[in-house]
Amino acid sequence: SSAAASSVTMKAAAHRATMFAVPAILVAYMCGKRENLWYRVTTSAAAIRAIATMPHDKLDRFLLSYKMFEKDQFVGAPGEVDLLTDYYSVLNHLCAIGNFEKMYLPPYLDETKDVYENQRLYEKQMADYLEIKEGSKVADIGCGRGRIAHHVASYTGAHVTGLNVDEEQIRLAREYAEQTGLLGKQLDFKIANYNDRLPFADNSLDAAYYVQVLSYSTNLTAFFGEVFRVVKPGARVAFEDYVMGTAFNESNAEHQRMKNIYKPVLGGVETSYPDVFKAAVEQAGFQVVSHKDASINERQWPLLEQEANFWLPVNALVKLLYRMNIVPKIYHDVMERMTQGTEALIEADKQGLVSCGYVTYAYKPV
């Protein structure tokens, strides 16, 4: 049948894509000294395989989901939520090919380290501030594939519950937690929309955090109010955001043009100024301890350039395989769409038009 033939064709394409792409990924990783090299290479290989075996209509929906970045604000309408889940159900695998499995650009803390290693540095700093330990109950809001939660739980001994709106990412988070023996012991994951009431009792958590997730918030004040409700008096919270830079000028046409180009790279619809976040945190009742761009020189473009260089051989290979009719056009289109706007983001960061490393540390007064 035609369906069976299509299935065979997809499996053959998946095999070819994996066979050719994995060596390119290995070469890209081996260009520098890498922490957890085996984990990163095998994760990349699994992500390539997942994308190569996806139904093409799912990849088509991913490409269509970029329509949401034409918006200036996320209001949570049913159609928007569908676009969001279509986007992240594919993007989480694409990001896992490189250093963005956790889907965030960390503060630039150590210039000798790459994106992945700076992520781990930030997560340790964050966990240290939260003062969590064995027995602590913590929420990771917008947890993605659960890798940050896994690191925080392993590093501190705390129990972390991750929340995410995308069923695919929650499935992957649970799968990895089960493989590593932490599911149900130190890690749990729930499908939940952080724009709704958070699934925790009042004053029940010892800490809460999120990492670059609030671009889809429909009401910042209400969201932080919910976080305030669920943490105990004295509990610490940590929020890491990408924000508008101090040099951004709303009336500057070039600034607006660059913003529209780089928004899809960040995966964000709405980007607010730092003082907007700080005001919402304080209005909820938190006492802010620190609120700043935590990166070296308040810039992250060196990390972005590292990652752009990582993707060069991968993109080049996909283009070559497409031109040789070895892989279907949809893979070429998906790769092209994902990496569009990277140069604009690098330039915007250099000019101080955007910051992806703004960190807020606060606590709930006793």
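What segment 181-333 shows is 44 Å² of accessible area per residue, with the surface traced by a 1.4 Å probe over protein heavy atoms. Summarised as an ellipsoid, the chain has semi-axes of 33, 24, 20 Å, derived from the eigenvalues of the Cα gyration tensor scaled by 5 and square-rooted, with the largest first.
A crude spin-label estimate for the pair D82 and K185, with each label 7 Å from Cα along the Cβ direction, gives 4.2 nm.
Projected label points at V288 and K133, each 7 Å from Cα along the beta carbon direction, are separated by 3.0 nanometres. In a fully extended conformation the segment linking E175 and D110 would gain 20.3 nm over its present Cα-Cα distance, using 0.36 nm per residue. Relative to the longest principal axis of the Cα atoms of the chain, the long axis of helix 329-339 makes an angle of roughly 30 degrees. Look at where the Cα atoms of segment 173-239 and of segment 88-165 average out, and the two centres are 13 Å apart. Against the main long axis of the alpha-carbon atoms of the chain, helix 274-284 sits at an angle near 50°.
Rounded to the nearest angstrom and listed largest first, the equivalent-ellipsoid semi-axes of segment 282-366 from its Cα gyration tensor are 40, 16, 10. Taking a sphere under 14 Å around the Cβ of L121 and counting the other residues whose Cβ falls inside, with K and R at +1 and D and E at -1, yields a net charge of -4.
When the trypsin sites (Lys or Arg not before Pro) in segment 82-171 are filtered for DSSP coil states and for at most 11 other beta-carbon atoms within 10 Å of their beta-carbon, the remaining sites are K133. With 27 Å as the limit, the listed pairs K67/K124; K190/K329; K124/K292; K137/K350 have K67/K124; K190/K329; K137/K350 beyond it between alpha carbons. Per residue of the chain, the DSSP helices (runs of n ≥ 4 H) give a summed -39500 (n - 2.57) that works out to -17000 deg cm²/dmol at 222 nm.
Only protein atoms count toward the accessible area here, which uses a 1.4 Å probe; on segment 147-214, the carbon and sulfur part of that area reaches 44 percent. Based on the Cβ-Cβ distance from T53 to R323, what FRET efficiency comes out when R0 is 30 Å, to the nearest 0.05? Between T53 and R323 the formula returns 0.85. Counting only heavy atoms of the protein chains and using a 1.4 Å probe, M103 has close to 40 Å² of accessible surface.
The angle between the Cα long axis of helix 167-179 and the longest principal axis of the Cα atoms of the chain comes to about 90 degrees, rounded to the nearest 10. Modelled spin labels at R197 and Q306, positioned 7 Å past Cα toward Cβ, are 4.4 nm from each other.
The values are calculated or read from the model by the stated rules, or taken from the named source; none is laboratory data. Remember, it's a predicted structure, so these values are computed and weren't measured experimentally. No Cβ is skipped: glycine too gets one built from the backbone with ideal geometry, and neighbour counts run over all protein chains shown. Note: areas computed on protein heavy atoms with side chains; ligands, DNA, RNA excluded. Shrake-Rupley method; radii C 1.70, N 1.55, O 1.52, S 1.80 Å.
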